[in-house]
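Q: The structure's right below; bear with me while I get my questions together.
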Amino acid sequence: IEIYSLHVDCKVTSRFAHTVITSKIVNRANESREATFEMELPKTAFITNFSMSIDGQVYPGIIKEKVSAQKEYDTALSHGQSAGLVKITGRKLEQFHVSIGIAAASKVTFELMYEELLKRQLGKFELLLKVQPKQLVKHFQIDVHIFEPQGIRLLETDSTFMTNELTEALTKVQSETKAHILFKPTVDQQKINPGLDETLLNGDFVVRYDVKRGATAGDIQIVNGYFVHYFAPHEMPVFPKNVIFVIDRSGSMAGRKIEQTRDALLKILQDLRPEDHFSFIIFNSKVAEWKSSLLQATAENVASAAGFVQTLTASGGTDINCALLTAVSVLDKAKRLPERSVSMIILLTDGQPTSGERNVGVIQENIQKAVNGKYALFCLGFGFDVSYKFLEKMALSNGGIARRIYENSNADLQLQGFYQEVATPILMKIEMQYPENAVEGLTKNNFKLFFEGSEIIVSGKISNELDLLPVEIKAQSHASDLTLKEEANVKEKEQVFQNQTYIFGNFIERLWAYLTIQQLLEKSISAQEEDRKTLEVQALELSLRYSFVTPLTSMVVTKPAGQQQTELANKPTEAG
């Protein structure tokens, strides 16, 4: 079975990435063989299309409501369940895998299409492509086109498999607003060494970039009546933080996990700013406070904390409820904290609650009542024994986010990386306001916190009559209360994309749908049962209308007669 052509074609238009992977395979044997298409894609992406064409006959994937697709499938497949075509393979990726039998000398073309909105983290957008052909490929090519009307400020490529030989196959062309990256290694360049038919191409191919930012009130782009508004202020004073680290030291954390936690905390302590206040709460079945109140991050206090962190050992049960309630009460009682400051609790745990209150529903209620919107709660789940669903719901109900920390060599870097994302809050209570009578289907437009290096994105549909779209942003910075105003000329903004050849026409509408679905699904996690149903109905309707494989839809892939007829591609979620 030979893969004679593998093309990855990616177009990024104003952060929205549309990727098409085409793999062409021929069976050189003189009997039928199995051809496999296996591709890893980012978890943040939604698959929008998949097809196989075998000797000219096309077998398209069809996106349906998940529940009904599953029923059909179960009926068709009375002899037990196959695993589905998509599974999570790591911290950032999931894998799409399909195999079909093809006759001697037959050819098959697989085509997979997916879309995602690139998210700015630590000052950069990252496009991650996984390259693993597992054999030498005669025509191999990665093509990335970026168009950013704001202008490209920085562009870099990075790869885990580059050699000097392979660098020669990589070209970058960049203008003010466009970039084209082409990676086209010959068969010889792909080889580990000349005598062997083994490929070097195995790993990540990453493009990172950022855009220029002029206007203070962000940047508005408009196509076909849909707008997107990007807002990422920079060079602003940072709010002092009051942060409590709540660290699980139960028996299951023993060994590598507690070591990595210690390493990460020592680094994080170094990153605290002198005006920050902090403390530690350590828990197993008992809850212990490092100090009874928050301390300022002076060199002396940080050194004392580092000494304490180095003594952390693991044993005993897990009382998450009591540990978090203790953290809230420390913040409630805190005196002499900077007047304009941001308070947050960062929980790190690797298991289920096994001591004290064990009912996750009760714990969620207790914490939400205690936090009462005053503080942000971030939940980090270490490994796969945590109830991620519980941590995610608790974080989202209390103005934070949850993240899974994967148990591997770089777990300490994952912990530090997470801290860096939330380390520099520069705005609070951000409201993005648009004229109510002229905008509909608006995505989330008020945000509790904005961290340096990230980006706020709001999208919606504007009514036909509008010539000017006025926006107003209200927010609190460390120094003052801000009001920023901007007006976008609809005709002029539409013009920007008119003459761009490689842009798919309705990309802002698709961006709007992608963002809306993501936000509806996120909202449904922390919603009450009745609300959850309504949110899911809306998200399902959009997933079907724009053909996205989301947690509510499935793609039904039909194979040629005589083979297992249908298989399902579902969207796996971190909560399983």
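Q: Could you tell me how many degrees, from 0 to 90 and to the nearest 10, lie between the Cα long axis of helix 299-309 and the main elongation axis, the longest principal axis, of the Cα atoms of the chain?
A: Taking Cα atoms only, the helix is inclined about 70 degrees.
Q: Could you sort 153-160, 36-43, 49-56 so that the peptide with the highest average Cβ count within 10 Å comes first and the rest follow in order? Walk me through the numbers on the way to the answer.
A: On the way: 153-160: 14.0, 36-43: 19.4, 49-56: 16.9.
Going by the mean number of other Cβ atoms within 10 Å, highest first, we get 36-43, 49-56, 153-160.
Q: Continuing with the same structure: Please report the equivalent ellipsoid semi-axes of region 241-423, computed as sqrt(5 x eigenvalue) of the Cα gyration tensor, largest first, in whole Å.
A: Numbers: eigenvalues 96, 79, 46 Å².
Three semi-axes, in Å: 22, 20, 15.
Q: Something else: Need one number: nm distance between label points at Y4 and Q538, each 7 Å from Cα along Cα→Cβ, rounded to one decimal.
A: 5.1
Q: Report the extension gain between A306 and D263 in nm, rounded to one decimal, defined as 0.36 nm multiplied by the number of residues separating them, less their alpha carbon distance.
A: Values: separation 43, 0.36 × 43 = 15.48 nm, distance 1.00 nm.
In short, 14.5 nm is gained.
Q: Charges at C-beta only: +1 for Lys and Arg, -1 for Asp and Glu. How large is the resulting dipole of the chain about its Cα centre, in Debye rounded to 20? Kindly include the intermediate steps, with their values, before the conclusion.
A: Working: 62 positive and 70 negative charges, 141 e Å.
For the chain, the charge dipole is close to 680 debye.
Q: Still on this structure, I have one more. Starting from region 436-527, pick out the GluC sites (Glu not before Pro) whose DSSP state is loop and whose Cβ has at most 11 other Cβ atoms within 10 Å. All intermediate terms of the calculation are to be shown ahead of the outcome.
A: Details: sites: E436, E440, E452, E455, E465, E472, E486, E487, E492, E494, E509, E522; in loops: E452, E455, E465.
For GluC sites (Glu not before Pro) across region 436-527 that sit outside H, G, I, E and B with at most 11 neighbouring Cβ atoms in 10 Å, the list reads E465.
Q: Under a 1.4 Å probe, what is the accessible area of region 1-140 per residue, stated in Å²?
A: Numbers: 6000 Å² over 140 residues.
Each residue of region 1-140 exposes 43 Å² on average to a 1.4 Å probe.
Q: Identify the residues of region 140-163 with backbone N under 16 Å of a label point that sits 7 angstrom from the Cα of K212 along the Cα-to-Cβ direction, or state none.
A: It comes to 147-155, nothing else.
Q: Label-point separation (nm) for Q132 and T313, each offset 7 Å from Cα along Cα-to-Cβ?
A: 4.0
Q: Quick check: residue separation of A288 and S32 times 0.36 nm, minus the Cα distance between them. What number comes out in nm? Working shown, then result.
A: Numbers: separation 256, 0.36 × 256 = 92.16 nm, distance 6.54 nm.
Contour length minus Cα-Cα distance gives 85.6 nm.
Q: Continuing with this model, one more query. Run the accessible area of region 1-128 with a 1.4 Å probe and give the carbon-and-sulfur part as a rounded percent. Please report the intermediate quantities before stating the final value.
A: Numbers: 2700 of 5410 Å².
C and S atoms contribute 50 percent here.
Q: Taking R0 as 25 Å, what FRET efficiency do you get between A575 and L484 from their Cβ-Cβ distance, rounded to the nearest 0.05?
A: Working: r = 37 Å, r/R0 = 1.47.
The formula returns an efficiency of 0.10 here.
Q: Please work out the average accessible area per residue across region 511-576, using the 1.4 Å probe convention, and give it in Å².
A: Ligands and nucleic acids excluded, the figure is 44 Å² per residue.
Q: At 1.4 Å probe size, with the rest of the protein present, what percent of the exposed accessible area of region 241-423 is carbon and sulfur atoms?
A: On the way: 3490 of 7400 Å².
Looking at region 241-423 in its full context, I get 47 percent from C and S.
Q: So, one more: I need the calculated FRET efficiency for the pair K172 and I62, taking r as the beta carbon distance and R₀ as 45 Å, to the nearest 0.05.
A: Numbers: r = 38 Å, r/R0 = 0.85.
Using R0 = 45 Å, I get an efficiency of 0.70.
Q: Sticking with this one: With 23 Å as the limit, write out which pairs from K64/K559; K11/K389; K92/K172; K64/K130 have Cα-Cα distances beyond it, or answer none. Can you show the working numbers first?
A: On the way: K64/K559 17 Å; K11/K389 34 Å; K92/K172 25 Å; K64/K130 27 Å.
Violating the 23 Å limit, Cα to Cα: K11/K389; K92/K172; K64/K130.
Q: To continue, here is another question. Distance in nm between label sites at E492 and A334, each 7 Å beyond Cα in the beta-carbon direction?
A: Computed distance between label sites E492 and A334 equals 4.4 nm.
Q: Starting from 0 in steps of 10 Å, tell me what percent of the Cα-Cα pairs of region 383-461 lands in each bin.
A: 15, 34, 32, 15, 4, 0
Q: Need one number: the % of Cα-Cα pairs in region 339-392 sitting beyond the 17 Å mark.
A: Numbers: 593 of 1431 pairs.
Roughly 41 percent, rounded to a whole number.
Q: What does the helix-only formula give at 222 nm for the chain: each DSSP H stretch with n ≥ 4 adding -39500 (n - 2.57), the total divided by the residues, and the result rounded to the nearest 500 deg cm²/dmol? Present the calculation step by step, with values, prior to reporting the outcome.
A: Details: 12 runs with 137 residues, N = 576.
Helix contribution divided over all residues of the chain: -7500 deg cm²/dmol.
Q: Would you kindly state how much longer the chain becomes between L196 and T89 on full extension, computed as 0.36 nm times their sequence separation minus their alpha carbon distance, in nm to one decimal?
A: Working: separation 107, 0.36 × 107 = 38.52 nm, distance 2.86 nm.
Roughly 35.7 nm would be gained on extension.
Q: For region 241-423, what does the accessible surface come to per residue with a 1.4 Å probe? Please give it in Å².
A: Working: 7400 Å² over 183 residues.
Result: 40 Å² of accessible area for each residue.
Q: On a 0 to 90 degree scale, rounded to 10, what angle separates helix 529-545 from the longest Cα axis of the chain?
A: With rounding to tens, the tilt is 30 degrees.
Q: Another question, if that's okay. May I ask for the net charge around E536, where only other residues with Cβ less than 13 Å from the Cβ of E536 are counted and Lys, Arg are +1 while Asp, Glu are -1? Present the calculation step by step, with values, prior to reporting the outcome.
A: Numbers: positive: K66, K523, R532, K533; negative: E65, E522, E529, E530, D531, E541.
Summing Lys/Arg as +1 and Asp/Glu as -1 gives -2.
The values are calculated or read from the model by the stated rules, or taken from the named source; none is laboratory data. The structure displayed is predicted, hence computed values, not measured ones. Here the Cβ is made from the backbone with ideal geometry for all residues, glycine too, and neighbour counts use every protein chain on show. Just so you know, the surface numbers come from the protein's heavy atoms only, side chains and all, with ligands and any DNA or RNA stripped out. Shrake-Rupley method; radii C 1.70, N 1.55, O 1.52, S 1.80 Å.
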